[in-house]
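*Asks:* Here it is, the structure in full.
The values are calculated or read from the model by the stated rules, or taken from the named source; none is laboratory data. All values derive from a computational prediction rather than experimental measurement. Here the Cβ is made from the backbone with ideal geometry for all residues, glycine too, and neighbour counts use every protein chain on show. Remember, those area values only see protein heavy atoms, side chains included, never the ligands or the DNA or RNA. Shrake-Rupley method; radii C 1.70, N 1.55, O 1.52, S 1.80 Å.
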Amino acid sequence: MVTQESSRQVEQWIAEDAAPDDATSRIRVGPMQYRPNIIVKSLGTDMIKPFEELKWTLVHVDGSRFAVAGPCRRCQMISIDQESAKKLKEPYATLARRMRVDGKVVFGIYLNATGSLLSTTSIKSGATINAA
């Protein structure tokens, strides 16, 4: 699972770290670049802070409960453009400089279903998500 807010923060870091004439400063890295199963986006005034998800221990999605198994370790695969298959420097290079846990590059979190989650349970766009 990743959050829209964390993805935006990485985009901002990429722009800040790039030289003014570098095309990298204009790169757009949306949350789909990380190939997540779930993308969380803040609604209204209850805003999620970038990387807040790394502090969560439980996530509830429309009645289904998930335990946070830890940060999602990342590899160079996130720097391959999904449309052209071209290998890029970003976002891995920026994450390698700025987002490490125990020496590993991370972005997002792993979730494990808990309780009586059935194999037929599905999560739909717009689902209510609560985390602690």
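*Asks:* Could you list, in sequence order, the residues of the range 50-69 that are loosely packed, with under 14 Cβ neighbours inside 10 Å, of a type outside the set (A, V, I, L, M, F, W, C) and without any contact (Cβ under 8 Å) to a residue 60 or more places away in the chain?
*Replies:* Result: Lys55, Gly63.
*Asks:* Please verify whether Ala15 is open to solvent by less than 70 Å² (accessible area, probe 1.4 Å) and assigned to a strand (DSSP E or B), treating the condition exactly as stated.
*Replies:* Working: open to solvent by less than 70 Å² (accessible area, probe 1.4 Å): yes; assigned to a strand (DSSP E or B): no.
Against the criterion (open to solvent by less than 70 Å² (accessible area, probe 1.4 Å) and assigned to a strand (DSSP E or B)), Ala15 does not qualify.
*Asks:* Next question, about the same structure. All but one of (1) of a type in the set (Ser, Thr, Tyr); (2) at pLDDT 90 or above; (3) exposed (fewer than 12 other Cβ atoms within 10 Å of the Cβ) hold for Tyr110; which doesn't?
*Replies:* (3)
*Asks:* Where the second residue is part of a loop (DSSP other than H, G, I, E, B) and open to solvent by less than 50 Å² (accessible area, probe 1.4 Å) and the first is free of Cβ contacts under 8 Å to residues at least 40 places away in the same chain and lies in the range 98-110, which pairs have Cβ atoms under 7 Å and are six or more apart or on separate chains?
*Replies:* Val105/Arg74; Val105/Met99
*Asks:* Among the residues of the range 70-92 satisfying the criterion of being free of Cβ contacts under 8 Å to residues at least 12 places away in the same chain and on the phi < 0 side of the Ramachandran plot, which is most open to solvent (accessible area, probe 1.4 Å)? Break it down stepwise before answering.
*Replies:* Initially, the range 70-92 is screened for residues free of Cβ contacts under 8 Å to residues at least 12 places away in the same chain, giving 80-81, 83-87.
Next, only the ones that are on the phi < 0 side of the Ramachandran plot stay: 80-81, 83-84, 86-87.
Working: Ile80: 46, Asp81: 50, Glu83: 180, Ser84: 76, Lys86: 125, Lys87: 131 Å².
Looking at the filtered set, the residue picked out is Glu83.
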